[in-house]
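Some notes on the structure that comes next.
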Amino acid sequence: MRLPATRLFPLLLMLALAALTFWLELVVREEEGIRRPPRRHDPDYIIDRLMHTRFNAQGAVESMLAAKTMLHYPDDDSTDLVAPRLVQTKANQPRVTVTADRATLSQDGEELFLYDNVLVVRESRAGQPETRMRTSFLQMARAQSVLRTDRDVVITEADRVLSGRGMEYHSDSMQFHLRERVRGRYQPAKRDG
């Protein structure tokens, strides 16, 4: 059984159009890189006046994190904090308070990235005066009790001022390392009489 040419022509034309459509679809997808609509970065929940307390194994308060506002974004599972304040109160160590204008919390909650007007205050204790550190960015690894920055930092303690670029501070041992452009100033207190 042979098909007449009048019946075969529309069938061949339809097959050619289908093949052309398929080929055009492949070319367009390759050129556009299969563009998907951008995901919106809208918070799925917002918490005002956040207060989070972490306890050690003995039930004593180890740290408290407070923020004016906390925003969680589901598209990248990020958490932003507005006006954060972290207070570490570990046994046999001076209290350390960290404040900033804003911060980002890592997904596991173990790292805190603080931005703009970052201030770290280590309270005084027997034989050691209060210490203040100022910078524009600070990374805190809470499990290791390490503070890091790659930006300029100014450290003030009683009559001493140190400045530099790049710092690592270990709060357990109370040691810090300045990386570069280190400058120091010591101004002894004036004696009466």
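The values are calculated or read from the model by the stated rules, or taken from the named source; none is laboratory data. Predicted model only: the values in this text are computed from it and were never measured. For neighbour counting, all protein chains shown are included, and Cβ atoms are generated from backbone atoms with ideal geometry for every residue, glycine included. All accessible areas refer to the heavy atoms of the entire protein, side chains included, with ligands and DNA or RNA removed. Shrake-Rupley method; radii C 1.70, N 1.55, O 1.52, S 1.80 Å.
Find the residue count for segment 80-119, including only residues that are assigned to a strand (DSSP E or B), surrounded by fewer than 19 Cβ atoms within 10 Å (Cβ to Cβ), among the β-branched types (Val, Ile, Thr) and touching a residue at least 24 places away in the same chain (Cβ under 8 Å). Total satisfying the criteria: 3.
Looking across Ala83, Ala66, one residue alone is within 15 Å of the chain's Cα centre (by Cα) and at pLDDT 85 or above. It is Ala83. Set side by side, the residues Arg125, Arg132 differ, and just one is open to solvent by 60 Å² or more (accessible area, probe 1.4 Å), modelled with pLDDT of 90 or more, over 13 Å from the mean Cα position of the chain (by Cα) and not polar (S, T, N, Q), which is Arg132.
Against the definition (buried (at least 17 other Cβ atoms within 10 Å of the Cβ), without any contact (Cβ under 8 Å) to a residue 40 or more places away in the chain, in a strand (DSSP E or B) and of a type in the set (A, V, I, L, M)), how does Val153 come out, yes or no? It is true that Val153 is buried (at least 17 other Cβ atoms within 10 Å of the Cβ), without any contact (Cβ under 8 Å) to a residue 40 or more places away in the chain, in a strand (DSSP E or B) and of a type in the set (A, V, I, L, M). Annotation for segment 171-182: no member residue is at pLDDT 90 or above and among the aliphatic types (A, V, I, L, M). Within segment 46-86, the set of residues being of a type in the set (A, V, I, L, M) and farther than 15 Å from Thr99 by Cβ comprises Ile46, Ile47, Ala57, Ala60, Val61, Met70, Leu71. Condition check: loosely packed, with under 14 Cβ neighbours inside 10 Å and either in a strand (DSSP E or B) or hydrophobic (A, V, I, L, M, F, W, C) (or both). Does Gly184 satisfy that? Taking the combined requirement at face value, the residue satisfies it.
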